[in-house]
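Visitor: First, the structure itself, so that you have it in front of you.
The values are calculated or read from the model by the stated rules, or taken from the named source; none is laboratory data. Note that the coordinates shown come from a computational prediction; the quantities given were computed from them, not determined experimentally. Note that each Cβ is placed from the backbone with ideal geometry, even for glycine, and that neighbours are counted across all protein chains shown. Calculation scope for accessible area: heavy atoms of the full protein, side chains included, ligands and nucleic acids excluded. Shrake-Rupley method; radii C 1.70, N 1.55, O 1.52, S 1.80 Å.
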Amino acid sequence: EAHLGFIKEQNAEGWIVDPNGVAAAGWGLTLCPRDMLKIGQLYLNKGVWDGKQLLSESWIIESTRIQANWKEYAYGYLWWNLDQQKPGCFAAMGDSGNIIYCDPKEKIVIAITGSFKPRAKLSLDLIRGQIYPMIFGE
């Protein structure tokens, strides 16, 4: 119920919490694309932001490393490891096609928000089929 209410809320912000004020943590975080890009850049910079180590490099490696598999995708800690499709790339994917896509080799982060319902994979298709060819002429 909370998840459906959150999705329908037009002015949701922050992180959804339960009646005790505890964050859901696995879903329900609202971010603007600029903040999504910052998270991706923090990961590309191995945890360094503005010259300060905010996250340990070992956590960056561990959280994006394969921890489990689901269908054709491998999963880290809230990051999808996309080695099968594009070696080294990883992405945080959320409801309605929201995505933070990180490509360490090319040193780019792509953030998409929207409503490509019902599957986040459509954002991957957009990145691979339209955005990469525009940037790299692939």
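Visitor: Of all residues in the stretch 63-81, count the ones that are free of Cβ contacts under 8 Å to residues at least 12 places away in the same chain and either assigned to a loop (DSSP other than H, G, I, E, B) or open to solvent by 70 Å² or more (accessible area, probe 1.4 Å) (or both). Full working, then the answer.
Guide: Just the residues of the stretch 63-81 that are free of Cβ contacts under 8 Å to residues at least 12 places away in the same chain, to begin with: 67-71, 73-75.
When the remaining residues are screened for being either assigned to a loop (DSSP other than H, G, I, E, B) or open to solvent by 70 Å² or more (accessible area, probe 1.4 Å) (or both), the result is 67, 69-71.
Looking only at that region, the number is 4.
Visitor: Among the residues of the stretch 107-128 satisfying the criterion of being of a type in the set (A, V, I, L, M, F, W, C) and at pLDDT below 80, which is least open to solvent (accessible area, probe 1.4 Å)? Full working, then the answer.
Guide: Taking the stretch 107-128 and keeping what is of a type in the set (A, V, I, L, M, F, W, C), we get 108-112, 116, 120, 122, 124, 126-127.
Subset that is at pLDDT below 80: 116, 120, 122.
On the way: 116: 77, 120: 26, 122: 68 Å².
Ranking the qualifying residues of the stretch 107-128, first place goes to 120.
Visitor: With within 16 Å of residue 131 (Cβ to Cβ) and either free of Cβ contacts under 8 Å to residues at least 24 places away in the same chain or assigned to a strand (DSSP E or B) (or both) as the only criterion, which of 60, 100 stands out? Explain how you work it out, then say what you get.
Guide: Details: 60 fails: within 16 Å of residue 131 (Cβ to Cβ).
Testing whether each residue is within 16 Å of residue 131 (Cβ to Cβ) and either free of Cβ contacts under 8 Å to residues at least 24 places away in the same chain or assigned to a strand (DSSP E or B) (or both) leaves just 100.
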